Amino acid sequence: PVGELLSLSARSFYLYEPTNYHAGDRAITDYFMVPKSRRFSGNDAKSLYDRVFNLDLHLKDGVWEHEAGVKRTTKRFLGGRTKNSYRVCRYNKLLKRIVWKDPFMMFSLRYMLDHYDIPIVVTQRRVEGIAASFKRFGWGFDIRRLLLDLPYLHLLPDEVLRLNYKDPVINAAALYSLAKLEIQQLGASERVLIIDLDELIDRPQQTVSAL
């Protein structure tokens, strides 16, 4: 919701998940790519992120295997949310600000701070809510790959590599813990604003005024 709120200001719009493996740029080979890792070099990251800022993307169609009929055809020709948001951002010459809304950039925050002079807004929600969503939709990501790509493995107990990450709840809890570590490693920065979604619900006016 925060990305949409930011994009409601005059002459603004949001670019939706350009690094989503399923519907984002064709250079993305997995969810939650980690810059300067063994599969995503610093040069690869710079090339991709420069293209995002320049609105020079090559997007996938975002069609899922289970989608069929009119929905599949419509999505293939007209595109899904990612492609349509990209079209607005690319061709609406009146826009002055683009909000890059993308949870799959979670582990690129340090790289973005070091290489681009942009503000970053991080939204947080309770781990219970995340786990409930993962369980309801059967979501799961490659946590073991993330553990090997991220520089945090030495901070974690040895048993983390032996957990059953096929369980959606464990998967969600692990992803939440790694994201918290990522935020902690950032340290204090005037360009990073962290928003708790509970605060947005409880104190909407004060929270929005801080954006």
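Below, the figures for the structure above:
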quantity	calculated
Set Thr29, Thr82: member being of a type in the set (S, T, N, Q) and not in a helix (DSSP H, G or I)	Thr29
Residues located in region 29-48, provided they are open to solvent by 50 Å² or more (accessible area, probe 1.4 Å) and more than 19 Å from Pro151 (Cβ to Cβ)	Thr29, Ser47
Some residue of region 15-28 being among the charged types (D, E, K, R) and touching a helix residue (DSSP H, G or I) at 6+ places or on another chain (Cβ under 6 Å)	yes
Residues (part of a helix (DSSP H, G or I) and either open to solvent by 100 Å² or more (accessible area, probe 1.4 Å) or closer than 24 Å to Leu8 by Cα (or both)) located in region 60-77	Val70, Lys71, Arg76, Phe77
Selection from region 100-131 of residues that are assigned to a loop (DSSP other than H, G, I, E, B) and open to solvent by less than 40 Å² (accessible area, probe 1.4 Å)	Asp102, Tyr116
Residue match in region 137-153 (condition: hydroxyl-bearing (Ser, Thr, Tyr), outside any strand (DSSP E or B) and within 24 Å of Gly187 (Cα to Cα))	yes
Matching residues in region 32-48 - criterion: being in contact with a strand residue (DSSP E or B) (Cβ under 8 Å, 6 or more places away or on another chain) and either farther than 13 Å from Tyr111 by Cα or assigned to a helix (DSSP H, G or I) (or both)	Leu48
Residues satisfying the stated conditions in region 137-182, i.e. out of contact with any Phe, Trp or Tyr (no Cβ under 6 Å at 6 or more places or on another chain) and polar (S, T, N, Q)	Asn164, Ser177
Residue that is modelled with the lowest pLDDT [pool: residues in region 180-199 that are surrounded by fewer than 12 Cβ atoms within 10 Å (Cβ to Cβ) and more than 20 Å from the chain's Cα centre (by Cα)]	Ala188
Region 163-172, residues that are crowded, with 19+ Cβ neighbours inside 10 Å and more than 14 Å from Phe137 (Cβ to Cβ)	Tyr165
Unique residue being open to solvent by less than 80 Å² (accessible area, probe 1.4 Å), modelled with pLDDT of 95 or more and closer than 25 Å to Ile195 by Cβ when the list is Phe134, Phe53	Phe134
Qualifying residue in region 49-60 (condition: farther than 26 Å from Leu150 by Cα and without any contact (Cβ under 8 Å) to a residue 24 or more places away in the chain)	yes
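The values are calculated or read from the model by the stated rules, or taken from the named source; none is laboratory data. Because the structure is a prediction, the values reported are computed rather than measured. Positions of Cβ are backbone-derived with ideal geometry, glycine not excepted, and every protein chain shown enters the neighbour counts. Ligands, DNA and RNA are stripped out before the accessible areas are found, and what is left, the full protein with its side chains, is counted by its heavy atoms. Shrake-Rupley method; radii C 1.70, N 1.55, O 1.52, S 1.80 Å.
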